[in-house]
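Below: one structure, written as structure tokens.
The values are calculated or read from the model by the stated rules, or taken from the named source; none is laboratory data. None of these values were measured; they are calculated from a predicted model. Glycine gets a Cβ as well: all are built from the backbone with ideal geometry, and neighbour counts include every protein chain shown. Each accessible area value is taken on the protein alone, full model and side chains, heavy atoms only, with ligands, DNA and RNA left out. Shrake-Rupley method; radii C 1.70, N 1.55, O 1.52, S 1.80 Å.
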Amino acid sequence: MKYFLTICLILYTVAASVAQCIEARDSDGIVRNTFCVGKTISFQDCDNVIDDDKEYYVYDYKGGADYLALATLAKTHVYEQPGRYKVLQIANNAGTTDTMSTVIEVKAAPEPSFTYARCANNSVSYTINDDNYDSYTLDFGDGQSVVTTAGTTITHTYTSAGSYSVILTGKFNNSECNNFSQQEVETLPELVSNATQIDKITVLQQAVSGRIQLELSNLVQGYSYVVERYTGNFRNLFEEISTVTEFNGSTHTYTLENVNTDEAVWYLVRPKDACNSSLSNSNILSSISLKLSSAEEQVTLEWNNLNVRDFETYDIYRNGTLLTTKEGSDRLYIDTDVTCGQTYAYYVIGRNVDPDGEPVSSVSTSLQTQVTSTTTPEKPYLLASFNLDNQVEISLPGTTEAANSTLTVERSINQTTYQPLAQIQALSLTDTDLRLQPVCYRATLTNACGNTSPVSNVVCPIILQTEQQLDGSVSLSWTAYRGFPDTVGQYVVEVLDETGTIVAQYPATGNSYTDRALSNDLQVLRYRIKAISKNGTGVTFSNIIEVQQDIKLFMPSAFTPNNDGLNDVLEVKGKFFNGYTLQIYNQLGSLVYEGTEADAAWNGTHKGKKLSAGAYAYIITVTSSFGTTKQKTGTVTLLR
């Protein structure tokens, strides 16, 4: 303390100084002027002649006389921040007080940074992108290293594939200050020659600025893939148009925008590494351009690819279904199995096998076209016939026009002017608004292309009329059928049951027929006329007319209720009725019996007593199956 007080007094006087210097030493005792943040630095006078207890230091002297409060006897110091520091030494030497200063530099020692890019053939490109240190040592992890400077790029080739611990150490000149960083580096997988494959090309949009899709396989992570397009320029056959940089796994579907797909050209894919190594490209595959045209109910497909040997076969698809397969030399197909006015979508798939035996394909864009034609449809053949509901069905047998054609039908009733009846997109029509009167029809057919046929033949269906005669027979007459190209060859009278099943039929000549062989089973006779063309191929039917047969009732003239088993009761017999009521009167007009079909037949008694023989009057009231009633009177003789 007495020395420190002496220093304080002497500082205000001018004293003779002893020539001295300050040494700064690192942890190894080496004198330096550059140090690291966080490292211990030792200070002393150069010759170490001053006693330690007479030697004081200010480690961050910024000038001025007010440094005494900062002075310390500590001979070591640790700087926590980088920078240039002025160190002031205050020494009492042989009764005098001296000050001496020196400047040191304290530097930070961050981890040095470097990047790397993996390349083919076990090469890795390293770049020192750190500039904090004066020099760098790059240890490649395989026993080899190199000393370099900031900003340099070094490519190192390893003797074998694998993972390596690479260490970069940064150092300052004339300083123990340094630091390092470490990264695990794995070399790129080895590329197999021509392994990258274009499996499929699909033109998504055919245009000068279109879209195309590539399906790739055998891709290797760590590489990018350059897509190249054929130019036709022998100085530069292929040009780079895009690069595939992001993909998962070994397969990838890549879409290119704004590509001229109006023309068919070759495409290839070339692997690319960070070192721009010369690597083998993929197979070369051509796109397919397609053109459609439509005329006279046929569609013409024309397609192109770059070379006639690009594909072995072409599959032609229409509306998503395989239509046909053509040879690799074909470039044209005409589809005639089309319908006028319909829209169809087509695309072509070229197929081949590459030199390694792998299947490849190229798909054109899908194009649509509507079938057109200027051809007039043929004159339709019309047929008219009544159905079981007495409606006229008009049809076009043998017509090959599509169902979406428009059928225009006109009708004439009782030889009046033809009037429009219907215009429908079908090949048949049922006329439900018709009374049984002479009628004729004609029609035209307009296809989907708007072309209308000539007017068809005129057809007049058969109109049948009947009249029941007094003897019960039925007279039939009908109009002649008009419409068969070869006229009518035969008329047939048909009798139908209530289900429409034919129960009897009779050939007829002319336009009339009398049915005397009436059915004993059908109360309602349903008649219609069938007309057959001369060649036997055309058939048409008339309307159906129902004729109700009279009730058939049979009453015996006498009966013998003598219990001999023969004619013991009075029985009512007949057809075509559902029930009856029978009343019997004696000669005095008294009612002696009344019963129905549900009661026992009359046995010649009244109130349990046998009546005498003689004539008895009867009244029978019959109810038909249609609900009508009929009454019959007469006499019956009771014999004993």
For this session: For region 527-540, take each phi angle, set θ = phi - 60°, evaluate the Karplus expression 6.51 cos²θ - 1.76 cosθ + 1.60, and give the result in whole Hz per residue in order, putting x for glycine and proline.
Result: 9, 8, 10, 9, 10, 10, 5, 4, 7, x, 8, x, 9, 9
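Can you list which of the trypsin sites (Lys or Arg not before Pro) found in region 204-260 are DSSP loop residues with at most 12 other C-beta atoms within 10 Å?
Values: sites: ARG211, ARG229, ARG235; in loops: ARG235.
Loop-located and lightly packed - ARG235.
Would you mind working out the magnitude of the charge dipole of the chain relative to its Cα centre, with +1 at each Lys and Arg C-beta and -1 at each Asp and Glu C-beta, to the nearest 20 Debye?
Working: 43 positive and 70 negative charges, 770 e Å.
Roughly 3700 debye for the chain.
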For this session: Whole number in Å², please: accessible area per residue of the chain, 1.4 Å probe, ligands, DNA and RNA not counted.
Result: 52
For this session: With only Lys, Arg, Asp and Glu charged, each at its Cβ (+1 for the first two, -1 for the last two), find how big the charge dipole of region 66-169 is about the Cα centre; round to the nearest 20 debye.
Result: 40
Problem set entry | Extension gain (nm, one decimal) between ASN457 and ASP497, 0.36 nm per residue minus Cα-Cα | 11.1 nm
For this session: Measure off, as a whole percent, the carbon and sulfur share of the 1.4 Å-probe accessible area of region 92-145, all protein chains present.
Result: 37
For this session: Apply the Debye scattering formula to region 97-182, with a single equal point scatterer on each alpha-carbon and no solvent, then give log10 I(q)/I(0) at q = 0.11, 0.16 Å⁻¹.
Result: -0.37, -0.64
For this session: Starting from the Cα-Cα distance between LEU639 and ASN304, subtract it from 0.36 nm times their residue separation and give me the gain in nm to one decimal.
Result: 109.5 nm
Problem set entry | Sparse-neighbourhood loop sites, trypsin sites (Lys or Arg not before Pro) in region 535-635 - DSSP loop, at most 15 other Cβ within 10 angstrom | LYS607
Seminar exercise, completed: Taking Cα atoms only, Rg over Rh for region 417-557 with Rh from the Kirkwood formula is 1.09
Exercise. Residues with amide H under 5 Å of SER286's amide H, sequence separation 5 or more or different chain, H placed in the peptide plane at 1.01 Å from N; which?
Worked result: TYR267
For this session: Starting from the Cα gyration tensor of region 205-250, take the square roots of the eigenvalues, sort them a ≥ b ≥ c, and report rounded, prolate or oblate (rounded when a/c is under 1.5, otherwise prolate if a/b is larger than b/c, else oblate).
Result: oblate
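Does region 229-273 classify as rounded, prolate or oblate by the C-alpha gyration tensor (a ≥ b ≥ c root eigenvalues; a/c under 1.5 gives rounded; else a/b over b/c gives prolate, otherwise oblate)?
Details: a/c = 2.63, a/b = 1.57, b/c = 1.68.
Oblate, since a/c reaches 1.5 and b/c is not below a/b.
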Problem set entry | Rg in Å to one decimal, and Dmax rounded to a whole Å, for region 569-608 via C-alpha atoms | 11.1, 33
Exercise. Any number yet on Rg/Rh for region 330-479, C-alpha, Kirkwood?
Worked result: 1.30
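Averaged over every viewing direction, what's the projected area of the C-alpha convex hull for region 487-562? Give it in nm², one decimal, please. Working shown, then result.
Details: hull surface 30.3 nm².
That works out to 7.6 nm².
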Problem set entry | Lys/Arg +1, Asp/Glu -1 at C-beta; the chain dipole; positive extreme among ILE620, ALA426, ALA207 | ILE620
For this session: Jot down the radius of gyration and Dmax of region 39-146, Cα atoms only, both in angstrom.
Result: 22.4, 76
For this session: With a 1.4 Å probe and every protein chain left in place, tell me how much accessible area TYR381 has, in Å² to the nearest 10.
Result: 60
For this session: Can you check what the Kirkwood hydrodynamic radius comes to for region 169-325, Cα pairs only, in Å to one decimal?
Result: 18.8
Problem set entry | Base-10 log of normalised Debye intensity for region 303-376 (one unit scatterer per alpha-carbon) at q = 0.14, 0.17, 0.21, 0.28 Å⁻¹ | -0.50, -0.69, -0.93, -1.35
For this session: Report ³J(HN,Hα) in whole Hz for each residue of region 436-444, in order, from the Karplus equation J = 6.51 cos²θ - 1.76 cosθ + 1.60 where θ = phi - 60°; Gly and Pro get x.
Result: 6, 8, x, 8, 9, 9, 8, 7, 10
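How much of the DSSP beta bridge set in the chain is antiparallel, as a percent to the nearest 5?
The antiparallel fraction comes to roughly 95 percent.
When every alpha-carbon pair in region 515-609 is counted, what percent end up more than 18 Å apart? Intermediate values should be presented prior to the final figure.
Values: 2902 of 4465 pairs.
When every Cα pair of region 515-609 is considered, 65 percent fall beyond 18 Å.
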Exercise. Which of the listed residues, LEU476, LEU292, TYR381, is farthest toward the dipole's positive end in the chain, when Lys, Arg count +1 and Asp, Glu count -1 at the beta-carbon?
Worked result: LEU476
Exercise. Once every DSSP H run of n ≥ 4 in the chain is given -39500 (n - 2.57) and the sum is divided by its residues, what mean residue ellipticity at 222 nm do you get, rounded to the nearest 500 deg cm²/dmol?
Worked result: -500 deg cm²/dmol
For this session: Would you compute the Debye intensity of region 265-340 from its alpha-carbon atoms alone, equal scatterers and no solvent, and pass along log10 I(q)/I(0) at q = 0.13, 0.27 Å⁻¹ to two decimals?
Result: -0.54, -1.29
Exercise. Ignoring ligands and nucleic acids, what accessible area does ARG411 show with a 1.4 Å probe (Å², nearest 10)?
Worked result: 40
Exercise. Excluding ligands and nucleic acids, what accessible area in Å² is computed for SER512 using a 1.4 Å probe, to the nearest 10?
Worked result: 70
Exercise. For region 535-587, what is one quarter of the convex hull surface built on the Cα atoms, given in nm²?
Worked result: 8.6
Problem set entry | Cβ crowding within 10 Å averaged over residues, with 280-293, 31-44 ranked highest first | 280-293, 31-44
Exercise. In sequence order, what are the phi-derived ³J(HN,Hα) couplings for region 60-71 according to the Karplus relation 6.51 cos²θ - 1.76 cosθ + 1.60 with θ = phi - 60°, rounded to whole Hz, with x for glycine and proline?
Worked result: 9, 7, 10, x, x, 8, 8, 10, 4, 5, 8, 5
Exercise. Classify region 350-397: rounded, prolate or oblate, from the alpha-carbon gyration tensor (a ≥ b ≥ c, eigenvalue square roots; a/c under 1.5 rounded; otherwise prolate if a/b is larger than b/c)?
Worked result: prolate
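Average the reciprocal distances over every distinct pair of alpha-carbons in region 71-131, invert the result, and give the Kirkwood radius in Å. Could you put the intermediate results ahead of the total?
On the way: mean 1/r = 0.0610 Å⁻¹.
Answer for region 71-131: a Kirkwood hydrodynamic radius of 16.4 Å.
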Exercise. Which of TYR230, ASN281, ILE241 sits closest to the plus end of the dipole of region 201-297, meaning its Cα is farthest towards the positive end, when Lys and Arg get +1 and Asp and Glu get -1 on the C-beta?
Worked result: ASN281
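Which of the residue pairs LYS291/LYS326; LYS610/LYS632; LYS54/LYS171; LYS200/LYS291; LYS39/LYS62 have a Cα-Cα distance greater than 28 Å in the structure shown? All intermediate terms of the calculation are to be shown ahead of the outcome.
Working: LYS291/LYS326 16 Å; LYS610/LYS632 25 Å; LYS54/LYS171 37 Å; LYS200/LYS291 20 Å; LYS39/LYS62 22 Å.
Flagged as over cut-off: LYS54/LYS171.
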Problem set entry | Mean projected area (nm²) of the alpha-carbon convex hull when region 145-228 is viewed from all directions | 9.6
For this session: For the chain, just the Cα set please: Rg and Dmax, both in angstrom.
Result: 60.1, 194
